[in-house]
Amino acid sequence: MVDQRIAIYPGSFDPLTLGHDDIVRRSLRLVDRVTVAIAASSTHAKDPAFSFEERVELTREVYRDEPRVEVVPFQGLLVDFARESGARLIVRGLRAVSDFEYEFQMALMNRSLWPEIEVIFMAPASNYTFLSSSLVREVAKLGGDVSGFVPPPVLRELTRVYGPAVSGG
Ligand code: PNS
């Protein structure tokens, strides 16, 4: 279909949280399709919970019934991926002022690398502003209940890896 407006929502998604999902669903109000672009490597990737392949499979499962969301893995530079996908819009969630510096640096670097790219920042629902993949990983690893923070397929896999306490069981 021609002239579809596509946004790329990039990240490491280790794992995808309800905060990420909130941004995906908000983006769908603005554009026709959202490409959730899962980076093979990230500036942030410390002590991962899931492999690259697992992150892709799991995120695909989350959006299996959402035809307007596509989950695509990528390696290398985000702007190269965007250019090859024919998308000129990147969406990133901004939870707090503490996110701003890193996000602003990345946005301007990406635009230096490819001037046609635009980056928009979206605020998540206020009840997700404290949520991050790294905190979910840490809480799950230590046996805390993360059932209120991740979609069901992610909870299932975290439970498989870290045990029933993760889902409040
Ligand atoms: O979820 P994250 O870890 O905050 O996402 C960061 C991500 C994946 C968007 C960023 O590390 C990225 O774009 N990586 C791809 C490599 C790249 O283009 N690096 C230059 C960024 S200015």
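The values are calculated or read from the model by the stated rules, or taken from the named source; none is laboratory data. Computed from a prediction, not measured in an experiment: that's the story for all the values here. FYI the Cβ positions are ideal-geometry reconstructions off the backbone, even for glycines, and counts take in every protein chain you see.
Does region 153-161 contain any residue that is in a helix (DSSP H, G or I), within 11 Å of the ligand (Cβ to nearest atom) and either surrounded by fewer than 16 Cβ atoms within 10 Å (Cβ to Cβ) or under 17 Å from the mean Cα position of the chain (by Cα) (or both)?
No, there is no match, as no residue in region 153-161 is in a helix (DSSP H, G or I), within 11 Å of the ligand (Cβ to nearest atom) and either surrounded by fewer than 16 Cβ atoms within 10 Å (Cβ to Cβ) or under 17 Å from the mean Cα position of the chain (by Cα) (or both).
Determine the pairs where a residue that is farther than 16 Å from R33 by Cβ, located within region 67-87, has a partner that is of a type in the set (V, I, T) and more than 11 Å from the ligand (Cβ to nearest atom) with Cβ atoms under 8 Å apart, the partner being 6 or more residues away or on another chain.
As it stands, the answer is P73/V56, since those pairs meet every condition given.
With the requirement that a residue be within 12 Å of the ligand (Cβ to nearest atom), over 20 Å from L28 (Cα atoms) and hydrophobic (A, V, I, L, M, F, W, C), what does region 82-134 give you?
Scanning region 82-134 gives F104, M106, A107, L108, M109, L113, W114.
State whether the residues of region 35-46 include one that is of a type in the set (D, E, K, R) and closer than 22 Å to P151 by Cβ.
No - not one qualifying residue is present in region 35-46.
Where residues in region 25-48 are within 13 Å of the ligand (Cβ to nearest atom) and among the hydrophobic types (A, V, I, L, M, F, W, C), which of them is modelled with the lowest pLDDT?
My answer is A45.
Given the residues D65, D80, which is the only one that is in contact with a strand residue (DSSP E or B) (Cβ under 9 Å, 6 or more places away or on another chain) and either buried (at least 21 other Cβ atoms within 10 Å of the Cβ) or over 29 Å from L142 (Cβ atoms) (or both)?
Exactly one residue qualifies, and that residue is D80.
Considering only residues of region 135-150 that are buried (at least 17 other Cβ atoms within 10 Å of the Cβ) and within 16 Å of the ligand (Cβ to nearest atom), which is nearest to R60 (Cα to Cα)?
Only one residue fits best here, namely V150.
Of the residues that make up region 109-122, is at least one touching a residue at least 40 places away in the same chain (Cβ under 8 Å), surrounded by 14 or more Cβ atoms within 10 Å (Cβ to Cβ), outside any strand (DSSP E or B) and within 15 Å of the chain's Cα centre (by Cα)?
No, region 109-122 has no match at all.
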